[in-house]
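Report on the structure given below.
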Amino acid sequence: MSSFSDQEVVVAIPVTDGRLCTHFGHCEQFALFNVDVTDRQILGSRQIDPPPHQPGLLPRWLHDEGANVVIAGGMGRRAQDIFNEQGIRVVVGAPGDRPESIVRAYLDGDLNLAENPCDH
């Protein structure tokens, strides 16, 4: 497995029915995008099924899958802290769009974020 440079990151987005899933821990799949943040390009993507839901499992699992950034609709502060401990940056308040549209907006600096709907 090749290592990523500082300009290449893996962005994970929780997905249900082809769109960002607002209930992060109970999504159908995760869309993972290999992106070049310097050139603002999507280098590749894949969809993966998450393991059965368990508190605290997703941050470790996504870290093991290579994720550096998670873009979510909402996420509680404790979950964000666990992701940060795994070295994963969390972006919350993303719209319920298609994952590729979200990643393109993120790379272009045009991702319109709402308030985080999760407060637990």
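The values are calculated or read from the model by the stated rules, or taken from the named source; none is laboratory data. Because the structure is predicted, anything quoted here is derived from the model rather than measured. Counting neighbours? That spans all protein chains shown, and the Cβs are built from the backbone with ideal geometry, glycine included. Areas reflect the complete protein model, heavy atoms only, side chains present, ligands, DNA and RNA absent. Shrake-Rupley method; radii C 1.70, N 1.55, O 1.52, S 1.80 Å.
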Quiz item: Does A67 meet the test of being under 19 Å from D110 (Cβ atoms) and hydrophobic (A, V, I, L, M, F, W, C)?
Solution: no
Exercise. Could you grab me the full set of residues in the range 27-38 that are in contact with a helix residue (DSSP H, G or I) (Cβ under 9 Å, 6 or more places away or on another chain) and farther than 19 Å from M75 by Cα?
Key: F33, V35, D36, V37
Exercise. Using the structure shown, decide if R46 is out of contact with any Ser or Thr (no Cβ under 6 Å at 6 or more places or on another chain) and crowded, with 16+ Cβ neighbours inside 10 Å.
Key: no
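Matching residues to (1) assigned to a loop (DSSP other than H, G, I, E, B); (2) out of contact with any helix residue (DSSP H, G or I) (no Cβ under 6 Å at 6 or more places or on another chain); (3) surrounded by fewer than 18 Cβ atoms within 10 Å (Cβ to Cβ):
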| site | (1), (2), (3) |
| --- | --- |
| G25 | no, yes, yes |
| P55 | yes, yes, yes |
| A79 | no, yes, no |
| V90 | no, no, no |
Exercise. Enumerate the pairs (first residue in the range 66-95 and touching a residue at least 12 places away in the same chain (Cβ under 8 Å); second residue anywhere and of a type in the set (K, R)) with beta-carbon separation below 8 Å, excluding pairs fewer than 6 apart on the same chain, so at least 6 apart or on different chains.
Key: N68/R89; V69/R89; V70/R89; F83/R89; Q86/R60
Quiz item: Out of the range 73-108, which residues are charged (D, E, K, R) and either within 12 Å of the chain's Cα centre (by Cα) or under 19 Å from S45 (Cβ atoms) (or both)?
Solution: R89, D97, R98, E100, R104, D108
Exercise. Kindly check whether there is at least one residue in the range 38-54 that is touching a residue at least 24 places away in the same chain (Cβ under 8 Å), more than 17 Å from V10 (Cα to Cα) and among the β-branched types (V, I, T).
Key: no
Quiz item: Does T16 satisfy the condition of being out of contact with any strand residue (DSSP E or B) (no Cβ under 7 Å at 6 or more places or on another chain), of a type in the set (S, T, Y) and open to solvent by 60 Å² or more (accessible area, probe 1.4 Å)?
Solution: no
Quiz item: For P59, are the conditions met, namely being of a type outside the set (F, W, Y), at negative phi and not in a helix (DSSP H, G or I)?
Solution: no
Practice problem: Considering (1) touching a residue at least 12 places away in the same chain (Cβ under 8 Å); (2) open to solvent by less than 40 Å² (accessible area, probe 1.4 Å), say which one A105 fails and leave the rest. | Solution: (1)
